[in-house]
Amino acid sequence: MRPAIPFSRRGALMLLISAIVSGLAVGSMYGLIALGFHVTYVVSNTVNFAQGSSMMLGAVLGYTFAVTLGWPLPLAVAMALALCALFGLVVERALVRPFAERGSNAWLMATVAGGIVLDNIVLFTFGKEPRAFPSLMAQKPIEFLGTGVYPLQLVIPLVGLGITVALHLAFNHTRPGKGLLAVVQNKDAARLMGINVRRAIAFSFALSTALAGLAGLLIAPLFSVHSDMGTLFGIKAFAVAILGGISSASGVMLAGLLYGLIEALITSYAGSTYTQIVAFAIVILALAVMPNGILGRAATKKV
Amino acid sequence: MPFPLCLPRRLLLAAAAAALVATPVAAQDTMKLGLVAAMSGQSAKSGEAIVRGLSVAIDEINAKGGVLGKKLELIVRDDESNPAKGVVAARELVQREKVAALFGGLDTPVSMAIVPFINQSKIPFMGVWAAGTPITRNGAAENYAFRVSAVDVLVDKALVNYALKKYDMKKPGMILINNPWGESNEKGLKEALEEKKMPYVGIEKFQDADIDVVPQLTRLKQAGADVLFMVANVAPSSQVVKSLDRMGWDVPIVSHWGPAGGRFSELAGPSGSKVHFVQTYSFAGKLSPKGEQVLAALKKKYPEIKTLADVTPAVGIANAYDAMNLMTLAIAKAGSTEGPKVREALYAIDKYDGLIKSYSKPFTPDNHDALTADDYIFTYFKDGQILPLTN
């Protein structure tokens, strides 16, 4: 019934370019959220599984301030990010610290539960209907290498790369950054060296949720704002974080871009029916071959 | 055992028992009808529309003295779009509240879960939204499931006919949401195209959370599609429109009624008006006298309805209004609320001048769907309003 598709050479090139552009844009969003997993992991060996919800929170707050209340955009974005960071502090204080300090792994379930609670609170307060987040950078498509893209789709990868470089530099070349990394190696030693361990960990959670919130704000104009918009992103971003080797910022970002590219390329060449199956199969395969992720180092297990 | 302490509790129990006995007595002058629909969650708006349609019909009927000398009373239960909760609610309504008939909501999986129970308990069920084909065509020897709404297989035929007539379609492509609803329409669309001996050039699936549908659409474009059939809810449908915008591909989109459920204009932007989608009713334009009458009643009962943009989703209101009238006509005809008698009476309805159309012999033992493919209208969104398309 279905005839073979005649592929012209120009058409094939267009398909490739559009797959690369959309893959990189979506991939850098995965990368940004995954960086949030990275940040808390390198400081405290714990992660916040409510990252998807934090992303949603950024978008919902941004919408509320900028659209519902009509604040100027920079103020709305700053306020949304600040409140996302505050959410991170609450998660750390209420859902992670009480368990982690007892040596329990229950923070894992507690943060998942925290995300579900937040999703439902937003469902009741923000409402049930998806809303549109207008942005000047996502109204008129521009021509880019022969395909149409929104300017925002080109900005997102730049923001992602910028933040990756900044994190890398901060953790490896500044005193406070090195101090944060010292916390995970030996809490007592870090404390003796005058580092406030609790504050360091709390800061890493605030930073991670703010990163997710930023991803949410960037995605919102391309997507729609609703209470469960972050769920699938959170899951994919965690896969990306593991794939990249969660301890390396550049590895995590690279994995995000790769994952986005793989998804878009599979969809373009094999058809969307197979995207999820093949993409996650590749994640499993990659981890079997490289158990520590693309750029991760082997974790030292102390007995 | 501190015996005296038990006494107040016993008294309470006795009082409670008395209250329980008292309720059925008080309830005898009303006839209860149940609704199981999504009243919360993403689809809450559909439940609200259904309640409005049913309530306006009930008010009219009660003003004329009710049915079988009793006033009608609507009892609503929220299924939260969850099949298991829907079945529990249906059981409670039938067994405890003793409803004479049950109405169903938006979600096909919920209705599918309720159907075996109502067939077993011989309680008439009237679907007013969910379009899943097997709800009414369920294969039961004694089938109690009826419907006043669209039916997927018929919608798919209507979509194909519309695309042929309006756009002279030669190379159809499909962009479908990756869930059971998309799947059932994939089957229906394939069959409808097969009937017209028309090959399709591609079928693409996408997810609720897909931001960028450009890769899928590029495949369809390269395959030479000249019309796209779309099946997805509001938010994902708008992602398709935005991706088309980005590609600069101006292709006709003929859609199932997904976009109708929410703020499609806002989400999809100005290009959203290019999507032509199926509906069973629209309050826009010149209305029949019945339409005027129902719209006036709605505005009176629900003061928050000010413009036509507030009577959405119109399908929920209109289907529910006609469904309630057909059901009560049958109960009056049967002279009883016994399920088997009402079922026979539904078959015996000869004519009913309704909101959506003039029904004549709406139900037969072979056909439990009151609406046919000819009753669908095509509509589009303009500035938040659903407007009918004139051919």
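The values are calculated or read from the model by the stated rules, or taken from the named source; none is laboratory data. All values derive from a computational prediction rather than experimental measurement. Neighbour counts are summed over all protein chains in view; Cβ atoms, including those assigned to glycine, are modelled from backbone coordinates with ideal geometry.
Restricting attention to segment B:358-370, does a residue exist that is farther than 18 Å from B:Ser149 by Cα and surrounded by fewer than 23 Cβ atoms within 10 Å (Cβ to Cβ)?
no
For A:Ile262, all conditions in the list (1) within 14 Å of chain B (Cβ to nearest Cβ); (2) without any contact (Cβ under 8 Å) to a residue 24 or more places away in the chain; (3) of a type outside the set (Phe, Trp, Tyr) hold save one; what is the number of the exception?
Among (1) within 14 Å of chain B (Cβ to nearest Cβ); (2) without any contact (Cβ under 8 Å) to a residue 24 or more places away in the chain; (3) of a type outside the set (Phe, Trp, Tyr), A:Ile262 violates only (2).
Hey, any hits in segment A:207-230 for a residue that's under 13 Å from the mean Cα position of the chain (by Cα) and over 30 Å from A:Thr125 (Cα atoms)?
no
Please work out if A:Thr209 is within 14 Å of chain B (Cβ to nearest Cβ), part of a helix (DSSP H, G or I) and either of a type outside the set (Phe, Trp, Tyr) or in contact with a Gly (Cβ under 8 Å, 6 or more places away or on another chain) (or both).
No: the conditions fail for A:Thr209.
What single numbered condition from (1) in a loop (DSSP other than H, G, I, E, B); (2) more than 19 Å from the chain's Cα centre (by Cα); (3) not basic (Lys, Arg) fails to hold for B:Ala330?
Tallying (1) in a loop (DSSP other than H, G, I, E, B); (2) more than 19 Å from the chain's Cα centre (by Cα); (3) not basic (Lys, Arg), B:Ala330 fails exactly one: (1).
Please name all residue pairs, on different chains or six or more residues apart, with Cβ atoms under 7 Å, provided the first residue is in segment A:116-143 and is more than 9 Å from every other protein chain (Cβ to nearest Cβ) and the second residue is of a type in the set (D, E, K, R) and crowded, with 16+ Cβ neighbours inside 10 Å.
A:Asp119/A:Asp228
Look through A:Leu232, A:Leu261, A:Leu285 and report the one residue that is within 28 Å of A:Gly88 (Cα to Cα) and surrounded by fewer than 20 Cβ atoms within 10 Å (Cβ to Cβ).
After applying the criteria, what remains is A:Leu232.
Within segment A:128-159, track down each residue that is surrounded by fewer than 13 Cβ atoms within 10 Å (Cβ to Cβ) and either more than 20 Å from A:Val21 (Cβ to Cβ) or among the small types (Gly, Ala, Ser) (or both).
A:Gly146
Which numbered condition in (1) touching a residue at least 60 places away in the same chain (Cβ under 8 Å); (2) over 30 Å from A:Gln153 (Cβ atoms); (3) not aromatic (Phe, Trp, Tyr) is the only one that B:Pro252 fails?
Going through (1) touching a residue at least 60 places away in the same chain (Cβ under 8 Å); (2) over 30 Å from A:Gln153 (Cβ atoms); (3) not aromatic (Phe, Trp, Tyr) one by one, B:Pro252 breaks only (2).
Name the single residue that is modelled with the highest pLDDT among those in segment A:221-234 being part of a helix (DSSP H, G or I) and at the interface with chain B (Cβ under 10 Å from one of its Cβ atoms).
Result: A:Pro221.
Going by the conditions given, is A:Leu207 within 28 Å of A:Met137 (Cα to Cα), touching a residue at least 24 places away in the same chain (Cβ under 8 Å) and surrounded by fewer than 18 Cβ atoms within 10 Å (Cβ to Cβ)?
Answer is no for this residue.
For segment A:243-255, indicate whether the set of residues that are at the interface with chain B (Cβ under 10 Å from one of its Cβ atoms), at pLDDT 90 or above, surrounded by fewer than 24 Cβ atoms within 10 Å (Cβ to Cβ) and over 19 Å from B:Leu176 (Cβ atoms) is non-empty.
The answer is no; no qualifying residue exists.
Which one of these does B:Gly285 not meet: (1) within 14 Å of chain A (Cβ to nearest Cβ); (2) surrounded by fewer than 20 Cβ atoms within 10 Å (Cβ to Cβ)?
(1)
Evaluate the following for A:Leu32: is it surrounded by fewer than 19 Cβ atoms within 10 Å (Cβ to Cβ) and not charged (D, E, K, R)?
For A:Leu32, the condition - surrounded by fewer than 19 Cβ atoms within 10 Å (Cβ to Cβ) and not charged (D, E, K, R) - is not met.
Checking the conditions here, which among B:Asp374, B:Asp322 is part of a helix (DSSP H, G or I), farther than 25 Å from B:Lys32 by Cβ and of a type in the set (D, E, K, R)?
When all the criteria are applied, what remains is B:Asp374.
Is it the case, given these coordinates, that B:Asp350 is in contact with a Lys or Arg (Cβ under 8 Å, 6 or more places away or on another chain) and free of Cβ contacts under 8 Å to residues at least 40 places away in the same chain?
Yes, satisfied.
Kindly establish whether B:Ala130 is crowded, with 23+ Cβ neighbours inside 10 Å and touching a helix residue (DSSP H, G or I) at 6+ places or on another chain (Cβ under 8 Å).
Criteria met by B:Ala130.
Return only the number of the condition from (1) at the interface with chain A (Cβ under 9 Å from one of its Cβ atoms); (2) surrounded by fewer than 24 Cβ atoms within 10 Å (Cβ to Cβ); (3) touching a residue at least 24 places away in the same chain (Cβ under 8 Å) that B:Glu194 does not satisfy.
Single failed check for B:Glu194: (3).
Only one residue in B:Ser243, B:Ser184, B:Ser237 is touching a residue at least 24 places away in the same chain (Cβ under 8 Å), in contact with a Pro (Cβ under 7 Å, 6 or more places away or on another chain) and polar (S, T, N, Q), so which one is that?
Residue meeting the stated conditions: B:Ser237.
Surrounded by fewer than 24 Cβ atoms within 10 Å (Cβ to Cβ), hydrophobic (A, V, I, L, M, F, W, C), assigned to a helix (DSSP H, G or I) and within 11 Å of another protein chain (Cβ to nearest Cβ): is that true of A:Ala12 in this structure?
yes
Quick one: which of A:Leu154, A:Leu218, A:Leu214 is farther than 19 Å from B:Gly269 by Cβ and either within 13 Å of another protein chain (Cβ to nearest Cβ) or of a type in the set (D, E, K, R) (or both)?
A:Leu154
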